[in-house]
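The block underneath contains the structure these notes are about, expressed in C-alpha cells.
The values are calculated or read from the model by the stated rules, or taken from the named source; none is laboratory data. The model shown is predicted, which means the values in this text are computed figures rather than measured ones. Note that we place each Cβ from the backbone using ideal geometry, even for glycine, and neighbour counts take in every protein chain shown. SASA here: full protein model, heavy atoms, side chains in, ligands and nucleic acids out. Shrake-Rupley method; radii C 1.70, N 1.55, O 1.52, S 1.80 Å.
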Amino acid sequence: MTRGNRRFMATIIMILICIFVWLVVFLPAYEKIVYSQSTIYEYDDIDPDSYGYEGYRGGASVPVLDASDPSQEVTHNVNNYFVLKINAKNLEPLHIYRKTSYDSNYKTYETSPFKVFFLRTIEGYAQYYMATLESGQQIPVLINDRVVHIPHSGEIVLPIGSISTDRNLLKMGNEKLEDEWYINTINGFERSHEIKQFYDNRTMVAAGFWVIACMGVIIGLIVIQVRTKKG
C-alpha cells in the first residue's frame with residue numbers, strides 16, 4: 001500500500017470515527033434521562049428572586065395550572081412559579097427555536113427544524129409550542145423538548161415555569177400570537193448541577209472515543225507499513 005493510499009484510508013477512517021462519535025455520544029437525547037432523575041423541588045424551596053430552580057420537576061406543593069379546567073387562564077397574577085398540566089394534543093409546535101443558554105441573545109431565533117436537528121446535539125435549543133387551554137386562551141410555552149418528552153397525546157406535566165414576556169417572539173409569530181406573554185419552562189435547568197455534569201461527562205466520553213480510535217488508526221497504519229516493507 002502506497003503512502004498516498006494510507007493517507008486516504010486514514011482520512012476516511014477519521015471521518016467515520018467523527019460520524020460514529022456524533023451518532024453514539026451526541027445525537028441521542030440523553031438529556032431526557034438527566035431530567036427524569038433531576039431534583040424535585042417543593043414550592044417553599046424556590047426563591048422567587050432566583051432563576052436557579054426553574055426547569056426542574058415540581059413537587060406536590062408547586063401550584064398547578066390545569067389547562068383542562070375552563071376556569072383557568074394565564075395572567076400576570078398567576079403564581080411566580082407553577083407547573084402546566086395539559087393534554088399533549090393541545091400543544092402545537094411553532095417551529096420557532098431559541099437557545100437555552102443564559103448568555104445567548106434572546107432576540108436570535110432559528111426556524112429551520114433541519115438546522116436545529118444538528119445544532120441542538122451540541123448546544124441547547126428550546127422550541128415554542130402553542131398551548132390551548134380549555135378556556136379558549138392560547139399562549140406560547142417554551143419547552144426544551146430534547147429534555148422533556150412530548151408525546152402525541154395524553155396528559156403531561158411540564159417543568160416548573162413562570163410567565164415571561166418577549167416582544168420579538170410576537171414579531172416572529174405573526175398572526176398566531178396575540179400578545180408578548182409566554183410560559184417559560186426552561187430557565188435554570190441549563191444552570192443545574194445535573195445538566196452541567198452531563199455535558200462534562202459527554203465531552204469526556206467523546207474525547208475518550210476519539211483518542212482511542214485515533215490511537216487504533218495510528219497503530220494500524222504502522223502495522224500495515226511494517227508488513228508492506230517486509231513484503
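Taking only the C-alpha atoms of the stretch 113-231, Rg followed by Dmax gives 23.1, 81 Å. Estimated at the nearest 10 Å², the accessible area of His149 is 120 Å² with a 1.4 Å probe. Remark: spin-label model distance Ser153-Phe20 equals 4.3 nm, labels positioned 7 Å along the Cα→Cβ axis. Put a dot 7 Å past the Cα of Ser61, heading toward its Cβ, do the same for Thr111, and the two dots end up 4.4 nm apart.
Highest GNM mean-square fluctuation among Leu119, Leu133, Leu169, for the chain modelled with Cα contacts below 10 Å: Leu119. Note on the chain: GNM, Cα springs under 10 Å; of Gly59, Gly220, Gly154, the largest mean-square fluctuation is that of Gly220.
Charge dipole (Cα centre; +1 on Lys/Arg Cβ, -1 on Asp/Glu Cβ; no other charges) of the stretch 80-157 amounts to roughly 160 debye.
Given a 1.4 angstrom probe, I'd like the percentage of the accessible area of the stretch 91-173 that is carbon and sulfur, rounded to a whole number.
Values: 2090 of 3950 Å².
Result for the stretch 91-173: 53 percent of the exposed heavy-atom area is carbon or sulfur.
Note on the chain: Lys pairs 8 or more places apart or on different chains, Cα atoms under 16 Å apart, count 5.
Here the stretch 125-148 is scanned for amide nitrogen atoms under 18 Å from the site 7 Å beyond the Cα of Glu92 along Cα-to-Cβ, giving 127-143. Fully extending the segment from Ala207 to His193, taken as 0.36 nm per residue of separation minus the present Cα-Cα distance, adds 2.9 nm.
Between (1) 26, 21, 17; (2) 29, 22, 16; (3) 46, 19, 14, which entry matches semi-axes √(5λ) of the Cα gyration tensor in Å as derived from the coordinates of this structure? It is the one labelled (3). These residues, Ser192, Ser68, go from largest to smallest accessible area, 1.4 Å probe, as Ser68, Ser192.
Structure remark: mean-square fluctuation, Gaussian network model of the chain, C-alpha springs under 10 Å; the largest value among Pro28, Pro63, Pro93 belongs to Pro28. Charges were assigned to the Cβ only: +1 to each Lys and Arg, -1 to each Asp and Glu. The resulting dipole of the chain about its Cα centre is roughly 2460 debye. The long axis of helix 3-21 is offset from the longest Cα principal axis of the chain by roughly 20 degrees. With everything on Cα atoms, drop me the angle between helix 193-230 and the longest principal axis of the chain, reported from 0 to 90° to the nearest 10. The answer is roughly 20 degrees. At a probe radius of 1.4 angstrom, the accessible area of the chain per residue rounds to 57 square angstrom.
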